[in-house]
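The values are calculated or read from the model by the stated rules, or taken from the named source; none is laboratory data. Computed from a predicted model, the values in this text were never measured in an experiment. Here the Cβ positions follow ideal geometry from the backbone for every residue, glycine too, while neighbour counts run over all protein chains shown.
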């Protein structure tokens, strides 16, 4: 009798697990790519970039390295946000219709974001400066292919974008 109760309980638990797996997650896309870049990625990259180096003006030189726990946390949080934005950009909501280059740019953003966060955790202003330069290069390379002003999928010389090419291939 005990064996039957245990078996029935296990079967009920397993049946419940299967139902959860069958249900696809639903996501709400709250921002288009231009909004996402303008309200999240760019401001967070700016926070990170302004956490290293110095500014010299008529009144002297100002070291931009964080000097408080709050400043270091802000730098680390900015790096972590950049990292996770790279992951978000690889989701179908943002990657569909874009080429493999989009995925590589997004992956590169994740990779440099991880290095950026490590530099912040280590409180290494030289590493923050160096990683910040690499982050800038990753962003610039992506923006050359996907111009931020357009916010659209770039077109090839024939005027076809990746979405049109994919739709044409699927229609064949």
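Structure notes:
- Residue list for the range 78-97, restricted to those being within 11 Å of the chain's Cα centre (by Cα) and touching a residue at least 60 places away in the same chain (Cβ under 8 Å): 91, 94
- Contacts under 7 angstrom Cβ, first residue in the range 113-128 being at positive phi and modelled with pLDDT of 95 or more, partner surrounded by 16 or more Cβ atoms within 10 Å (Cβ to Cβ) and assigned to a helix (DSSP H, G or I), 6 or more apart: 123/72
- Residues being free of Cβ contacts under 8 Å to residues at least 24 places away in the same chain and under 14 Å from residue 128 (Cβ atoms) - total across the range 50-62: 2
- For the range 19-56, residues that are surrounded by fewer than 10 Cβ atoms within 10 Å (Cβ to Cβ), at pLDDT below 95 and outside any loop (DSSP other than H, G, I, E, B) total 4.
- Residue match in the range 147-155 (condition: assigned to a helix (DSSP H, G or I) and either loosely packed, with under 14 Cβ neighbours inside 10 Å or at pLDDT below 95 (or both)): no
- Selection count where residues are in a helix (DSSP H, G or I) and surrounded by fewer than 18 Cβ atoms within 10 Å (Cβ to Cβ), scope the range 89-109: 8
- Residue match in the range 65-88 (condition: at pLDDT 95 or above, part of a helix (DSSP H, G or I) and more than 21 Å from residue 129 (Cα to Cα)): yes
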